[in-house]
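See structure below.
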Amino acid sequence: MRNAAITGWGMYVPDQVLTNADLEQMVETSDEWIVSRTGIRERRLAAEADTTLAMSTRASRQAIEVAGIDPADIDLIVLATVTPDKFMPSTASLLQTELGAHRAAAFDLAAACSGFVYALAVGSQFIQTGVYRNVLVVGTDALTRFIDFTDRGTCILFGDGSGAVVLQATDADEGVLSNVLGSDGRGAQHLYIDGFASNGLFSDNGNGHIEDLQRTYMKMNGNEVFRFSVRVMGETAIEAVNKAGLRLGDIDWLIPHQANLRIIDAAAKRLDLPRDRVWVNLDRYGNTSAASVPICLAEAADSGKLQQGMNLVLVAFGAGLSWASSVVRWGATGVRGKGFHGDG
Ligand code: ACO
């Protein structure tokens, strides 16, 4: 079986910054409370022009450029989002046109904050089974459009953005080594947004017809989600390591979903990894949902700290409740016409 190496990466975050000091003016909270309970200091807010398509396009173009491929070489686009721009067509299809990836199949995938790692599993399997050679995997969300900025339990946590990777077929022992996906729909009521549409202007009027235009907001039971995530992040990360045939000592980096620093620290402890082997950027971006893991990955790759042969654990959790993890061996030596990109 062929492997799927990550040969390109990119990210985009909107310009507008919302700091904890800004939030102090909006709800009964404090910078001290937010930092000590979550680790978040500021987050980015999508402007009107920062649609899911626009953000995805910026991150994807970077990823394609780093990979050095022609958009026409892309066989498949999988776009993970729970904030698509339209009911139909998929934002992935719109992205295909923006990129000029005219040969690609394209679809969206919804698994909330776990979405990118789910999409990575889907994309890598199309390569491992020999169906495709080049796959673009994108994670983008604009969740702040669905946040009630009078609800201090949720409005402090989220930000907007996009991240993307290019996966390419390789015969070398590198790339995506394992995937673990999970879902427990019994926890659906702990984290949800009723209705659907990234302009936030839709909700069911109660009789099943979409008539009334009114705002619909995220609802979250933070304590339940916290308890779930602390358990599942460590468990699913370890499962992915075992599935890859590795031991904990073989893991070089943890690239976790950026929901809460305390959740990340608990996962790192389970993996026995020190803080300097864990990518953290939630202080700057908050929780960007499906974008959080690929934004971390893009930053880590650009930093030059990911070296060939290093084993990365990607792990995420989110609404569903859902979870996903992946072990990736960094490097693309086996990709035809490609060198190694780990030095930024
Ligand atoms: N500022 C100040 N005080 C606050 C705030 C705030 N923003 N929010 C809550 N409080 C208060 C509460 O009212 C409570 O007060 P009380 O003791 O007088 O009742 C106190 O602080 C403690 O509240 P808790 O909810 O117990 O605080 P906790 O330490 O659990 O932190 C948090 C809350 C940050 C929401 C945490 O539970 C969490 O991170 N949960 C996970 C959420 C998450 O990751 N969601 C995203 C999933 S990904 C996806 O798919 C979208």
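Table for the structure above
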{"item": "Matching residues, region 1-14, being buried (at least 21 other Cβ atoms within 10 Å of the Cβ), over 18 Å from Arg58 (Cα atoms) and of a type outside the set (A, V, I, L, M)", "result": "Asn3"}
{"item": "One residue from Pro84, Pro89, Pro71 being on the phi < 0 side of the Ramachandran plot, open to solvent by 20 Å² or more (accessible area, probe 1.4 Å) and touching a residue at least 12 places away in the same chain (Cβ under 8 Å)", "result": "Pro71"}
{"item": "Any chance Gly163 is within 16 Å of the ligand (Cβ to nearest atom), assigned to a strand (DSSP E or B) and at pLDDT 95 or above", "result": "yes"}
{"item": "Ser325 under 15 Å from the mean Cα position of the chain (by Cα) and at positive phi", "result": "no"}
{"item": "Close pairs from region 4-17: first closer than 13 Å to Ala47 by Cα, partner surrounded by 24 or more Cβ atoms within 10 Å (Cβ to Cβ) and aromatic (Phe, Trp, Tyr), Cβ under 9 Å, at least 6 apart", "result": "Val13/Tyr285"}
{"item": "Scope region 225-250; condition open to solvent by less than 10 Å² (accessible area, probe 1.4 Å) and under 28 Å from Gly309 (Cβ atoms); matching residues", "result": "Met233, Gly234, Thr236, Ala237, Ala240, Val241"}
{"item": "Selection within region 96-118 - in contact with a strand residue (DSSP E or B) (Cβ under 6 Å, 6 or more places away or on another chain), surrounded by 21 or more Cβ atoms within 10 Å (Cβ to Cβ) and free of Cβ contacts under 8 Å to residues at least 60 places away in the same chain", "result": "Gln96, Ala104, Ala106, Asp108, Leu109"}
{"item": "Hey, Thr144 at pLDDT 95 or above, open to solvent by 10 Å² or more (accessible area, probe 1.4 Å), out of contact with any Leu (no Cβ under 8 Å at 6 or more places or on another chain) and hydroxyl-bearing (Ser, Thr, Tyr) or not", "result": "no"}
{"item": "Region 15-45: number of residues that are closer than 14 Å to Gly161 by Cβ and surrounded by fewer than 16 Cβ atoms within 10 Å (Cβ to Cβ)", "result": "3"}
{"item": "Verdict on Phe107 being within 16 Å of the ligand (Cβ to nearest atom) and modelled with pLDDT of 95 or more", "result": "no"}
{"item": "Unique residue being within 16 Å of the ligand (Cβ to nearest atom) and either at pLDDT 95 or above or over 18 Å from Val313 (Cβ atoms) (or both) when the list is His257, His209", "result": "His257"}
{"item": "Counted residues, region 133-160 - those being within 16 Å of the ligand (Cβ to nearest atom), not in a strand (DSSP E or B) and not acidic (Asp, Glu)", "result": "15"}
{"item": "Considering residues of region 110-132 that are in a loop (DSSP other than H, G, I, E, B) and touching a helix residue (DSSP H, G or I) at 6+ places or on another chain (Cβ under 7 Å) only, the residue farthest from the ligand (Cβ to nearest atom)", "result": "Tyr132"}
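The values are calculated or read from the model by the stated rules, or taken from the named source; none is laboratory data. Keep in mind it's a predicted model, so treat the numbers as computed, not measured. Note that we place each Cβ from the backbone using ideal geometry, even for glycine, and neighbour counts take in every protein chain shown. The area values use the complete protein model at the heavy-atom level, side chains included, leaving out ligands, DNA and RNA. Shrake-Rupley method; radii C 1.70, N 1.55, O 1.52, S 1.80 Å.
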